[in-house]
Every structure is written in structure tokens, then in C-alpha cells.
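The values are calculated or read from the model by the stated rules, or taken from the named source; none is laboratory data. Please read these numbers as outputs of a predicted model, since none were measured by experiment. Every residue, glycine as well, gets a Cβ built from its backbone with ideal geometry; the counts of neighbours run over all protein chains shown. Each accessible area value is taken on the protein alone, full model and side chains, heavy atoms only, with ligands, DNA and RNA left out. Shrake-Rupley method; radii C 1.70, N 1.55, O 1.52, S 1.80 Å.
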Amino acid sequence: PDYTMEQLTEVARRLRDEHKFNGYIHLKAIPGASRELLMLAGRLADRLSANVELPTQADLTSLAPEKKLVVIRSAMNEIRTKAEEAASEASKSKLAPKFAPAGQSTQMVIGATPTSDAAILNTASSLYSEHRLRRIYYSAFSPFPRADSRLPLQKPPLMREHRLYEADWLMRFYGFTASELTTAEEPNLDLAKDPKLTWALRH
């Protein structure tokens with residue numbers, strides 16, 4: 001992790017220091033990398049992303065056993081802590097160094113496993129509340145030639161990705177909880193109706 005993180009931060013450093021690039025940089029944070037490298041990355045980038053990749057540890061164990069959700073979330077927690085410390089210092093002095101001022105985000109592939117939308121939204125809700133993520137990107141799985149036999153042959157409907165973004169918006173900006181957007185009987189979002197309409201009809 002440190003070697004890859006070192007390479008990423010070096011690219012960002014060159015952009016900032018050598019090429020005098022003052023624009024927006026969104027940098028991937030590698031889970032398991034040292035605190036020092038994460039600190040440097042946060043000083044150079046506007047936003048950091050430690051990607052969870054898949055919604056649950058069971059999904060990771062099945063398809064990416066080398067990845068551990070606890071390690072990923074540890075990196076997220078480190079980023080959150082450093083960002084809060086930097087914000088506190090900035091409130092005292094305008095000269096205080098910034099740390100990932102645009103916050104952190106993550107990416108989650110959906111449809112590569114049978115995991116329900118309810119489980120995905122529960123994971124999302126937990127990530128938002130515990131790590132203060134700015135947003136989660138949902139990416140529909142896309143099959144590719146000669147893929148691992150454990151992966152599905154069909155991609156999920158693109159509308160499923162769209163519905164998850166709508167549900168995510170309801171949680172972030174309208175105060176909905178994950179448990180309000182699905183039910184035990186219907187753990188997946190309705191592809192024919194947006195989640196706000198589904199909730200309204202249910203009530």
C-alpha cells in the first residue's frame with residue numbers, strides 16, 4: 001500500500017510544486033498506507049477517496065479476499081480525523097494548512113454479487129454517519145471477457161444504479177434512513193418507480 005500511495009502522492013506533489021497547478025485534485029487513498037502518506041496526500045489533494053469497492057465484507061471475501069473492510073474503514077477514519085483537526089486549526093488561523101478541504105468519498109460496485117439494495121444502503125448510511133463522507137459513487141458492474149467464473153455474466157440494469165443514487169440523495173439531503181427506503185419483503189428498490197414515490201405509496 002505504501003509504495004502505491006507514494007507514487008500517487010508524488011504525482012500530486014509534482015503537479016502542485018513543479019507545475020504550479022492550483023486546480024482541483026481528487027486523489028485515491030490506499031487503505032493500509034501509513035498515516036504519514038495519508039497526511040501528505042490530504043495536504044496535496046482537495047478530496048481523498050478510500051474505495052470500499054463492494055458493499056459488504058462477505059462480498060470482498062468472495063471476490064477480493066485481499067481487501068478488508070476494517071482496513072478500508074480505518075483509512076476513512078484517519079482521513080476524517082485529520083480533516084476535523086485541520087478544520088479546527090483553520091478556525092483559529094487562516095494560515096493553518098488545509099487537509100482534503102473537499103472531504104472524502106468512496107466508490108461501490110453494485111451487481112457483482114447478489115447483495116440487496118437494502119444491504120447496500122445500510123452500508124452507505126453507516127459510511128456517511130461514521131466517516132462523514134461527502135458522497136458515495138455507485139458503479140454498476142460490467143462483465144468482461146474471460147472474467148472470473150464467480151462474476152455474473154449479465155450486468156445489472158443501469159436503472160438500478162440510478163435508483164441507488166436517488167435513494168442516496170434522500171438519505172443525505174432529506175433525512176431518510178436506509179430502513180425507510182426498502183422493506184424485508186422488498187429488499188431491492190423498485191426499478192419502475194423512484195424511491196420517494198415508492199415510500200409515498202407505502203404510506
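Scoring 116-127, 158-169, 57-68 by mean Cβ neighbours within 10 Å over their residues and listing the highest first yields 116-127, 158-169, 57-68.
Strictly over 29 Å apart at the Cα level, which of Lys20/Lys94; Lys67/Lys196; Lys20/Lys92; Lys82/Lys155; Lys28/Lys196; Lys67/Lys193 would you flag in this model? Don't skip to the end; give the middle numbers.
On the way: Lys20/Lys94 21 Å; Lys67/Lys196 34 Å; Lys20/Lys92 27 Å; Lys82/Lys155 38 Å; Lys28/Lys196 32 Å; Lys67/Lys193 35 Å.
Over 29 Å Cα-Cα: Lys67/Lys196; Lys82/Lys155; Lys28/Lys196; Lys67/Lys193.
For the chain, there are no membrane-span-like helices by this rule, meaning no whole DSSP H stretch whose C-alpha atoms cover at least 30 Å of axis and whose Kyte-Doolittle mean is 0.0 or above; this says nothing about an actual membrane.
Counting only heavy atoms of protein chains, what accessible area per residue, in Å², does the chain have with a probe of 1.4 Å?
Result: 57 Å² of accessible area for each residue.
With Rh defined as the Kirkwood radius, the inverse of the mean 1/r over Cα pairs, the Rg/Rh of the stretch 106-203 is 0.98.
Restricting the trypsin sites (Lys or Arg not before Pro) of the stretch 70-113 to loop positions (DSSP other than H, G, I, E, B) with no more than 10 neighbouring Cβ atoms within 10 Å leaves Lys94.
The fraction of accessible area contributed by carbon and sulfur in the stretch 117-201 is 55 percent, rounded to a whole number (1.4 Å probe; ligands and nucleic acids excluded).
What is the distance in Å between the Cα centroid of the stretch 109-141 and that of the stretch 158-181? One Cα centre to the other: 10 Å.
Chymotrypsin sites (Phe, Trp or Tyr not before Pro), restricted to the stretch 171-203: which are DSSP loop and have at most 10 other Cβ atoms within 10 Å? Can you show the working numbers first?
Numbers: sites: Phe173, Tyr174, Phe176, Trp199; in loops: Tyr174, Phe176.
Passing both the DSSP loop test and the Cβ count: Tyr174.
Running a GNM on the chain with Cα contacts under 10 Å, which residue among Ala83, Ala96, Ala112 ends up with the highest mean-square fluctuation? Among Ala83, Ala96, Ala112, the largest mean-square fluctuation in the Gaussian network model of the chain belongs to Ala96.
Prolate is the label for the stretch 23-142, because a/c, from the alpha-carbon gyration tensor with a ≥ b ≥ c as root eigenvalues, is 1.5 or above and a/b exceeds b/c.
Given a 1.4 angstrom probe, I'd like the percentage of the accessible area of the stretch 1-105 that is carbon and sulfur, rounded to a whole number. Before the final figure, lay out the partial values.
Numbers: 3230 of 5820 Å².
About 56 percent, which is the carbon plus sulfur part of the accessible surface.
Distance between the pseudo-spin-label points of Arg150 and Ser179 (7 Å out from Cα toward the beta carbon): 3.1 nm.
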